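Notes follow once the structure below has been shown.
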Amino acid sequence: MATHKIRVRVNGTEHEAEVESRLLLVHLIRDQLRLTGTHIGCDTTHCGACTVLLIGPDGTQEPVKSCTMLAVQADGRELKTVEGLEQDGKLHPIQEGFWQEHGLQCGFCTPGMLMTSYALLARNPHPNEDEIRRAISGNLCRCTGYVNIVKAVQYAAARL
Amino acid sequence: MIPAAFDYHRADTLADALALLERCGDGAKLLAGGQSLLPLLKLRLGMVTDLVDISGISGLEYIKEEGGFLKIGAMTRESTVERSELIRSRYPILLDTAAVVADPLVRNRATLGGNLAHADPANDHPATMVALGATVVARAPGGERTIPIDQFFTDILSTALKPNEILTEIRIPTPPPKSGGAYLKLERKVGDFATAAVAAQVTLRQSGEVERARIALTDAGSVALEAIQAEQFLQGKKPDGATIAEAARLAAQAASPTADRRGSVEYKREMARVLTVRALRKAVERAGGRS
């Protein structure tokens, strides 16, 4: 089976890779680019731990499940992963929010929660609680710590 | 989980995609948003030799009213449908439907055309499209044809599309004045398939009686099920409580759901009845009538 040479820009850095057709985007990110902040949770499109942002040509940032996209489909595209949130050693307000409001317990869902919340705030800087809950409804927290996750997003919204 | 090996091809134009389908033969499948197909391949419930990716073809993402139809490009994302002002203001039944497909992340990739072409009777758009009397446009190398939605779904995961055809557009006849529709779904959690779900579309006469009603049920058979007896019962009647209750009873009677973790046959049928009542009430209300 043929492999494909692809170019992806992740967190502002250009990468080239040679991938099999069936390689999933999450495996490219974790195993080849060694960006292991993006987690693999359920691997069945349910949990959202693998959420990354797909950046459109118009700059729109859409959270997608990287276990349900092929790496080759990202050819020529720009991505943002959890490693791209921190700038110059300073946490992004959404990361700070999860820290301050105890928005994580085991932390496994956190990268996905952060990316989805980040995208929500980019689209809607002042979401109400209902909008936050709807936005993160494709991300599962198995510690069921949703109350503090909502608070964390509100914390960031107040500072952005 | 890793899918079995296949070759990937990116089509830049529709002509490109048609040529690739022809060249790759029977084992090829189109990749639209991939939110049903990729999970299926990962679980190895299906195998392909080739995937032809049509997500890079420009010109297949649009929502517009034209020539008496609402026309939706097959590659229009669910999230685009959700955010469309035209859909919100004129076709709330489509907003009801798109907003309950899987979850927000999946909806950023999932397409309307894919939801129909995948032909899972548990998907949400099939019932809505049956209720709206939609038609789909299929393009083949030799030209295009239209397929009425009630002839499109042939069995579970099967459609009238030929292997060399691509679904390019969904056409919904612009409803006459005093029309309204609603889609209601009961799900255990966000992202789950429906325990039961009902699409209802009604057109009222000036005097308030039902001119035309269409009701379709999700996951109540091998294809989206049109509750024809219930529709006929409603015709010409004032949609009052007793009439709607009887129509819902008839609709539930037509349902043949299967028992699974979401519930028993009896439970699902009863939920279909309750949701039919609520969907009809909402449809009548949106049509500007009283129920």
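The values are calculated or read from the model by the stated rules, or taken from the named source; none is laboratory data. As the structure is a prediction and not an experimental result, all values here were calculated from the model. Cβ sites come from the backbone with ideal geometry, for glycine too, and all protein chains shown count toward neighbours.
The listed residues are A:GLU101, A:GLU96, A:GLU18, A:GLU83, and the only one of them that is acidic (Asp, Glu), more than 10 Å from chain B (Cβ to nearest Cβ) and over 26 Å from A:ALA156 (Cα atoms) turns out to be A:GLU18.
Among the residues in segment B:114-123, are any within 13 Å of another protein chain (Cβ to nearest Cβ) and either in contact (Cβ under 8 Å) with a residue 12 or more places away in the chain or buried (at least 21 other Cβ atoms within 10 Å of the Cβ) (or both)? There is at least one residue in segment B:114-123 that is within 13 Å of another protein chain (Cβ to nearest Cβ) and either in contact (Cβ under 8 Å) with a residue 12 or more places away in the chain or buried (at least 21 other Cβ atoms within 10 Å of the Cβ) (or both). Total residues in segment A:27-38 satisfying the condition of being in contact with a helix residue (DSSP H, G or I) (Cβ under 8 Å, 6 or more places away or on another chain) and either assigned to a loop (DSSP other than H, G, I, E, B) or facing another protein chain (nearest Cβ under 10 Å) (or both): the figure is 5. The set of residues in segment A:1-24 that are part of a strand (DSSP E or B), under 15 Å from A:GLY84 (Cα atoms) and either in contact with a Gly (Cβ under 6 Å, 6 or more places away or on another chain) or among the basic types (Lys, Arg) (or both) contains only A:ARG9.
Could you please find all residues in segment B:93-122 being more than 21 Å from B:LEU225 (Cβ to Cβ) and touching a helix residue (DSSP H, G or I) at 6+ places or on another chain (Cβ under 6 Å)? Listed by number, the residues that qualify are B:LEU95, B:ALA99, B:ASP103, B:PRO104, B:LEU105, B:ARG107, B:ASN108, B:ALA110. Filtering segment A:9-34 to residues that are more than 19 Å from B:ILE2 (Cα to Cα) and hydrophobic (A, V, I, L, M, F, W, C) leaves only A:VAL10. The residues of segment B:214-225 that are under 18 Å from B:LYS282 (Cα atoms) and touching a Lys or Arg at 6+ places or on another chain (Cβ under 8 Å) amount to a single one, B:THR218.
Tell me, yes or no, whether segment A:49-58 has at least one residue that is at pLDDT below 95 and either surrounded by 14 or more Cβ atoms within 10 Å (Cβ to Cβ) or farther than 19 Å from A:GLU14 by Cβ (or both).
Taking every residue of segment A:49-58 in turn, at least one turns out to be at pLDDT below 95 and either surrounded by 14 or more Cβ atoms within 10 Å (Cβ to Cβ) or farther than 19 Å from A:GLU14 by Cβ (or both).
Between B:THR243, B:THR218, which is crowded, with 20+ Cβ neighbours inside 10 Å and among the hydroxyl-bearing types (Ser, Thr, Tyr)? Matching residue, one of B:THR243, B:THR218: B:THR218. Could you list, in sequence order, the residues of segment B:246-274 that are surrounded by 21 or more Cβ atoms within 10 Å (Cβ to Cβ) and out of contact with any helix residue (DSSP H, G or I) (no Cβ under 8 Å at 6 or more places or on another chain)? Hits for segment B:246-274 are B:LYS268, B:MET271. Filtering B:ALA28, B:ALA15 for residues that are closer than 19 Å to B:MET75 by Cα, loosely packed, with under 15 Cβ neighbours inside 10 Å, not β-branched (Val, Ile, Thr) and not assigned by TED's automatic domain parsing to the domain that holds B:LEU116 leaves a single hit, B:ALA15.
Each row is one residue, and each column tells you yes or no for (1) part of a loop (DSSP other than H, G, I, E, B); (2) over 18 Å from B:ALA200 (Cβ atoms); (3) among the acidic types (Asp, Glu).
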site: B:GLU65; (1), (2), (3): no, yes, yes
site: B:ARG109; (1), (2), (3): yes, yes, no
site: B:PRO121; (1), (2), (3): yes, no, no
site: B:ALA138; (1), (2), (3): no, yes, no
site: B:ARG145; (1), (2), (3): no, yes, no
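Annotation: of all residues in segment B:92-113 being of a type outside the set (A, V, I, L, M) and within 14 Å of B:ILE170 (Cα to Cα), the one that is nearest to the other protein chains (Cβ to nearest Cβ) is B:THR111.
On the stretch given as segment A:105-123, residues that are surrounded by fewer than 24 Cβ atoms within 10 Å (Cβ to Cβ), assigned to a loop (DSSP other than H, G, I, E, B) and in contact (Cβ under 8 Å) with a residue 60 or more places away in the chain total 1.
Note on segment B:68-100: among residues that are of a type in the set (Lys, Arg) and in contact (Cβ under 8 Å) with a residue 40 or more places away in the chain, the one that is farthest from B:LEU167 (Cα to Cα) is B:ARG77. When A:GLY76, A:GLY48, A:GLY59, A:GLY41 are screened for being touching a Ser or Thr at 6+ places or on another chain (Cβ under 8 Å), of a type outside the set (Phe, Trp, Tyr) and either part of a loop (DSSP other than H, G, I, E, B) or more than 12 Å from chain B (Cβ to nearest Cβ) (or both), only A:GLY48 passes.
Looking at this structure, is B:ALA11 closer than 17 Å to B:ARG139 by Cα, more than 19 Å from the chain's Cα centre (by Cα) and modelled with pLDDT of 95 or more?
Yes.
Looking only at segment B:195-211, decide whether some residue is assigned by TED's automatic domain parsing to the domain that holds B:ASP260 and under 30 Å from B:GLY56 (Cα atoms). Within segment B:195-211, none of the residues are assigned by TED's automatic domain parsing to the domain that holds B:ASP260 and under 30 Å from B:GLY56 (Cα atoms).
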